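Trainee: Below you'll find the structure I mean.
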Amino acid sequence: MQNCILLPIEAESQDTALRIFSTLNDRGKPLSDADIFKAQFYKYYSDKGEKESFIEKWKALEVLCNSIFPSSSGSALDEIFTRYMYYERAKQGIKQTTTEALRKFYERDGYKLLKNDETFENLIDLANFWNDIYDQNVERFSEDVLKRLYVLNYAPNGMWTYFVSVYYIANRDAEGMLDDNEFYNFLSKITAFIWAYAVTNPGVNALRTPLYPEMINIVNKQPVKFEEFLFSPEQLENKFRNFDFKNQRPITKSMLTWWAFQEPEQECLPLEKTIEIEHIYPRNRQKIEQGLTNPNNMESLGNKSILEKKINIRASDYRFSDKIKYYQGFTTNKGKKEGTAIKELINLSKSVTDFSETDIGQRETKIILEFIEYLKDNGLLKN
């Protein structure tokens, strides 16, 4: 503080001052997109005589976004601007799969979009909507909707958040609420589609092609159908059976989370609780006993489940008969060790004492066939 030099710069207008501000910052620590947008909002609301109100709302929005969009770099506020951008893109009928940079999108026509009261209020409302999703707010969402949202939090990529943001802004009522049944059906359909498309067309960018036109349908009050991208049940089953569901692939945990919630009694876990992929037939058992005639079955969907991290660490190297106590929970002289919240594993541990290669194959077939039936229920299969 003893070696600071203050350099006053006089500007002929506020626009010039903002330009100087941006230029100087570009030479030092880069400004986030949200910093630029804030400056534009500040000018707009100052001109309206609402500067203090804007500052208060912006600070609240910043705190909220920092709590729900943790970011190791950049600004958490950039995320809410990104999610809202897809709604405005859809309103403009933009189908191109090449998405322009966030700042470039908002700076069109002299930041026209930011010089609109509706934009800032929509950003605040959208942030509150996502906060309620991450808080699993039972006053806003039904249990069934929260389950679908929980599963989507383990989607193979983040495109679903843009899709749901568009749906919310386009379909909310005056109180910011959605029709529960319609929202549930929408979430079910996009889950089925995104999961299947991730297997048949791997890659984040591939999903843009079918999703962008459907975003336009949403803002035009048309139903989401994915009519040009329906799946052949035979080809899809073959694709699933030959797909390598490695743990490193996001779709693996996606499928296992979806499967866990096919159990009607499965309840949502806190989103902050870490879940991992459990091998029901342990890898170490295969190394020692060579019990699987086909070693590839070790990485089959039929041999995997989601499981809380702490329990997965304790149960990882045991035979199924030894895993049972970890799934169900047990008591030691130091107190009670809680079991898993994954209902399928609890039910499995109560019905059998071993898990064999035959069980792996049967469970894999069941998962695949029920997923194809799920697609059928959501109108996503070719006739």
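Trainee: Can you send over the carbon and sulfur percentage of the accessible area for segment 1-145, probe radius 1.4 Å, protein chains only?
Mentor: 48 percent
Trainee: Which of the residue pairs K51/K115; K189/K225; K287/K309; K48/K112; K48/K91; K91/K221 have a Cα-Cα distance greater than 19 Å in the structure shown?
Mentor: Too far apart for the 19 Å limit: K287/K309; K48/K91.
Trainee: Looking at S13, F163, A260, which one has the Cα that reaches farthest to the positive end of the dipole of the chain (charges on Cβ: Lys, Arg +1; Asp, Glu -1)?
Mentor: With unit charges placed on the Cβ atoms, the residue in question is A260.
Trainee: With a 1.4 Å probe and every protein chain left in place, tell me how much accessible area M159 has, in Å² to the nearest 10.
Mentor: 10 Å²
Trainee: Something else now. Within segment 178-197, what residues put their amide N at less than 11 Å from the label point 7 Å along the Cα-to-Cβ vector of K376?
Mentor: Within reach of a label on K376, which here means backbone N under 11 Å from a point 7 Å along Cα→Cβ, segment 178-197 contributes nothing.
Trainee: Ignoring any ligand, DNA or RNA, what whole percent of the accessible area of segment 182-283 comes from carbon and sulfur when the probe is 1.4 angstrom?
Mentor: 43 percent
Trainee: In Å², and per residue, what accessible area does the chain have when probed at 1.4 Å with the other protein chains present?
Mentor: Accessible area per residue: 53 Å².
Trainee: Right, something else. Probe radius 1.4 Å, ligands and nucleic acids left out: which of E79, E12, E121 has the largest accessible area, and how do the rest follow?
Mentor: Per-residue accessible area, sorted high to low, gives E12, E121, E79.
Trainee: With +1 on the Cβ of every Lys and Arg and -1 on the Cβ of every Asp and Glu, and nothing else charged, how large is the dipole of the chain about its Cα centre, in debye rounded to the nearest 20?
Mentor: Using only the charged Cβ atoms, the result is roughly 1200 debye.
Trainee: Any chance you could list the semi-axes, whole Å, largest first, of the equivalent ellipsoid that the Cα gyration tensor gives for segment 290-383, using √(5λ)?
Mentor: So the equivalent ellipsoid measures 30, 18, 11 Å along its semi-axes.
Trainee: Let me ask another. Positive end of the charge dipole of the chain (Lys, Arg +1 and Asp, Glu -1 on Cβ, about the Cα centre): tell me which of A341, L146, N303 has its Cα farthest that way.
Mentor: Of A341, L146, N303, it is N303.
Trainee: What nm distance separates the two modelled labels at Q222 and S356, each placed 7 Å from Cα along Cα→Cβ?
Mentor: 5.4 nm
Trainee: Here's another thing I want to ask about it. Go ahead and set up a Gaussian network model of the chain, Cα springs under 10 Å, then flag whichever of K95, K112, K43 fluctuates most.
Mentor: With Cα springs under 10 Å in the chain, the top fluctuation among K95, K112, K43 is at K112.
Trainee: Using modelled amide H (1.01 Å from N, peptide plane; none on Pro or chain starts), what sits under 5 Å from the amide H of E278, excluding residues fewer than 5 places away?
Mentor: Hits under the 5 Å cutoff: S305, I306, L307.
Trainee: To the nearest 10 square angstrom, what accessible area does K239 show with a 1.4 Å probe?
Mentor: Counting only protein heavy atoms, K239 exposes about 90 Å² to solvent.
Trainee: Classify segment 44-141: rounded, prolate or oblate, from the alpha-carbon gyration tensor (a ≥ b ≥ c, eigenvalue square roots; a/c under 1.5 rounded; otherwise prolate if a/b is larger than b/c)?
Mentor: Cα axes put segment 44-141 in the oblate bin.
Trainee: Using a/c under 1.5 as the rounded threshold, could you call segment 121-249 rounded, prolate or oblate? The axes a ≥ b ≥ c are square roots of the C-alpha gyration tensor eigenvalues, and prolate needs a/b larger than b/c, oblate otherwise.
Mentor: Since a/c reaches 1.5 and a/b is larger than b/c, the shape of segment 121-249 is classed as prolate.
Trainee: At a 1.4 Å probe radius, which order do V63, V164 fall into by accessible area, largest first?
Mentor: Ranked from most to least accessible, the order is V63, V164.
Trainee: Using semi-axes √(5λ) of the Cα gyration tensor in Å as the read-out, say which of (1) 31, 28, 20; (2) 42, 29, 18; (3) 46, 25, 19 was calculated from these coordinates.
Mentor: Checking each listed value against the structure points to (3).
Trainee: Put C65, C4, C268 in order of accessible area, largest first, 1.4 Å probe: what do you get?
Mentor: Accessible-area ranking of C65, C4, C268, largest first: C4, C268, C65.
Trainee: Distance check, please: which entries in K239/K337; K239/K343; K95/K273; K323/K376 exceed 30 angstrom between their Cα atoms?
Mentor: K239/K337; K95/K273; K323/K376
The values are calculated or read from the model by the stated rules, or taken from the named source; none is laboratory data. The model shown is predicted, which means the values in this text are computed figures rather than measured ones. Cβ sites come from the backbone with ideal geometry, for glycine too, and all protein chains shown count toward neighbours. The accessibility values were calculated without ligands, DNA or RNA, using every heavy atom of the protein model including side chains. Shrake-Rupley method; radii C 1.70, N 1.55, O 1.52, S 1.80 Å.
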